[in-house]
1. Condition (residue is within 16 Å of the ligand (Cβ to nearest atom), in a loop (DSSP other than H, G, I, E, B) and either out of contact with any helix residue (DSSP H, G or I) (no Cβ under 6 Å at 6 or more places or on another chain) or over 25 Å from residue 408 (Cα atoms) (or both)) applied to segment 310-323: is it met by at least one residue?
2. Can you tell me which residue within segment 398-457, out of those that are at positive phi and without any contact (Cβ under 8 Å) to a residue 24 or more places away in the chain, is farthest from the ligand (Cβ to nearest atom)?
3. Of all residues in segment 258-304, how many are surrounded by 19 or more Cβ atoms within 10 Å (Cβ to Cβ), part of a loop (DSSP other than H, G, I, E, B) and more than 16 Å from the ligand (Cβ to nearest atom)?
4. Residue 234 passes all but one of (1) surrounded by fewer than 18 Cβ atoms within 10 Å (Cβ to Cβ); (2) part of a loop (DSSP other than H, G, I, E, B); (3) touching a strand residue (DSSP E or B) at 6+ places or on another chain (Cβ under 8 Å); which number fails?
5. Could you say whether any residue in segment 131-142 is under 25 Å from the mean Cα position of the chain (by Cα) and within 16 Å of the ligand (Cβ to nearest atom)?
6. Can you tell me which condition residue 201 does not meet? The list is (1) under 11 Å from residue 240 (Cβ atoms); (2) part of a loop (DSSP other than H, G, I, E, B); (3) touching a helix residue (DSSP H, G or I) at 6+ places or on another chain (Cβ under 6 Å), and all the others hold.
7. It is to be established whether one or more residues within segment 166-175 are in a strand (DSSP E or B) and under 30 Å from residue 337 (Cβ atoms).
Ligand SMILES: Cc1ncc(COP(=O)(O)O)c(C=O)c1O
C-alpha cells in the first residue's frame with residue numbers, strides 16, 4: 001500500500017496534502033498523483049535488482065499509466081519505457097524517450113506499427129509469433145533497415161492472479177515454447193533481423209515468487225539451447241513485469257487472495273536474479289513493471305452524492321433486514337472496479353479518516369448500470385466506513401494509479417476525470433477533465449461531413 005497516506009486530525013493527507021481541502025477547491029471525481037511516490041517506487045525496484053544483478057534495465061510498462069506528465073516523471077527518474085501499441089510508441093517518443101530506451105510489445109501489431117518501430121530503431125520489437133517474425137523481417141527488408149528483435153516465448157507457468165491478468169499457461173500471448181527453436185532459427189537466419197534477446201511475461205499482480213523462479217529457469221533453458229545451437233550470445237532476458245501491490249489489508253485476507261501480497265521488490269529481485277547470476281550472469285536483465293511503479297502513486301477522490309436505505313427480503317417477500325447505500329460520483333467509467341470486473345481498491349472517508357470504520361454500507365457508482373457497484377471488504381458485499389458517513393463526504397479510493405486513467409471511458413456521457421499531482425508540496429493539474437465538446441466531437445451528426453477534423457485517417461494505416 002502507498003506510503004504517502006497519513007491521517008492528521010481525523011483528515012486524510014496524501015503526500016502531505018489535505019485531500020478533502022483540495023476536493024473543496026476543484027470538482028470531484030479526480031485522481032491525485034504523487035511525484036515523490038513514483039520516484040520512490042522506481043528507486044525501490046532499481047536498488048533491489050541492481051544490487052543483485054548490476055546489468056539490469058527497467059522499462060516502465062506505459063500501459064499502466066501513459067499520461068504525459070507521468071511519462072515525463074518516469075523519464076526524469078532515468079529508466080526506460082515499454083510500449084504496447086503504435087499510440088503508446090508515439091507518446092513515448094513525444095515524452096522524449098530515446099529509441100534505445102523503448103521496447104515494443106503487442107499481440108497484434110499492424111504493418112504500420114511495425115514500420116514505425118523499425119523506422120524509430122527501438123531497442124527491441126518483441127515478437128509474439130512466427131507469423132509476426134516474418135512480418136517484421138518483411139517490413140525491415142522493404143525498408144532496407146535492420147530491426148532489433150526479441151522473441152516472446154510463453155514459458156507456460158501457472159500463476160494465481162485475477163483471471164484477466166494471467167498471460168501464460170493457456171493465455172494468448174507469446175510463441176509456444178515448442179516453437180522456440182524454430183523461432184530462433186528463423187530470427188538468426190533472417191538478413192534483416194538483429195536478434196537481441198528473449199522476452200517472457202507471466203502476468204500481472206503475481207503475489208508469489210515461485211512462478212518467477214520456474215519461469216526464469218525455463219527461459220534460461222531456452223536461451224542456453226538457442227545460444228549453443230547457433231553459436232550466439234543474446235544481449236538480454238526480459239523477465240516482464242507483474243510485481244504485486246497490496247490492495248487488501250492482511251487482516252481480512254483469505255488464502256490465495258490476489259489482492260493481498262507480502263512481497264517487496266527485494267523478494268522478486270531475489271527470485272529472478274538468483275538463477276540468472278548462477279546460470280548466465282552475462283545477460284542483461286530487462287524488466288517491464290507497470291503496476292508496481294504507478295499503482296501506489298495515486299488516489300481517486302470522489303464525493304458521496306446519494307444515500308438511501310433499502311430492505312433485504314426473503315423469498316416470501318418479507319423484509320428481513322436493511323442495507324444502507326451510498327452512491328459516489330465515480331463508477332466504472334472512472335475506475336475499473338465493479339461487479340463485472342471484480343477488482344478491489346480500498347477506500348477511506350477523507351474527513352473521518354481517524355474514526356473506526358465499522359458501519360457497513362453498499363457502495364455504488366453513478367452509472368445507469370446494475371454492475372456499477374463496488375466490491376465489498378473481505379468476502380462481504382459491504383464497505384466499512386465510520387458511522388454517520390453520508391452525502392457530501394469525500395470517499396478516497398487508494399492505490400488507483402495503475403490501469404485507471406488508461407481505462408476511463410465516457411459511459412453515460414460522464415466526462416473522464418481530471419488528474420492532479422503533488423510535486424514538491426505544490427499541486428498541479430496533469431489532466432483536464434473531458435468537456436462536453438470532447439464527448440461529442442467524434443460523432444458525425446446528420447448533415448455534417450465526416451473527416452473534417454485534422455487527425456490521421458486511421459492509426460491502422462497512418463502515423464503522424
Ligand atoms: C507484456 C507486458 N509487460 C509488462 C506488463 C506490466 O505488468 P504489471 O503492470 O503487472 O507490472 C504487462 C501487463 O500485464 C504486460 O502485458
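1. Just the residues of segment 310-323 that are within 16 Å of the ligand (Cβ to nearest atom), to begin with: none.
Among the residues of segment 310-323, not one is within 16 Å of the ligand (Cβ to nearest atom), in a loop (DSSP other than H, G, I, E, B) and either out of contact with any helix residue (DSSP H, G or I) (no Cβ under 6 Å at 6 or more places or on another chain) or over 25 Å from residue 408 (Cα atoms) (or both), which makes the answer no.
2. If we filter segment 398-457 for residues that are at positive phi, which is where we start, we get 399, 403, 412-413, 424-425, 447, 451.
Add one more test, that the residue is without any contact (Cβ under 8 Å) to a residue 24 or more places away in the chain, and what stays is 447, 451.
Details: 447: 43, 451: 34 Å.
Across segment 398-457, the extreme among qualifying residues is 447.
3. Adding up the residues that qualify gives 1.
4. Condition not satisfied by residue 234: (1).
5. First, pick out the residues of segment 131-142 that are under 25 Å from the mean Cα position of the chain (by Cα): 132.
Going one step further and asking which of them are within 16 Å of the ligand (Cβ to nearest atom), we end up with 132.
The answer is yes, given that some residue of segment 131-142 is under 25 Å from the mean Cα position of the chain (by Cα) and within 16 Å of the ligand (Cβ to nearest atom).
6. Single failed check for residue 201: (3).
7. Yes; the residues of segment 166-175 include at least one that is in a strand (DSSP E or B) and under 30 Å from residue 337 (Cβ atoms).
Every read-out reported here was derived from the displayed coordinates using simple, explicitly stated rules and does not represent laboratory data. As the structure is a computational prediction, the values presented were derived from the model and not from experiment. Note that we place each Cβ from the backbone using ideal geometry, even for glycine, and neighbour counts take in every protein chain shown.
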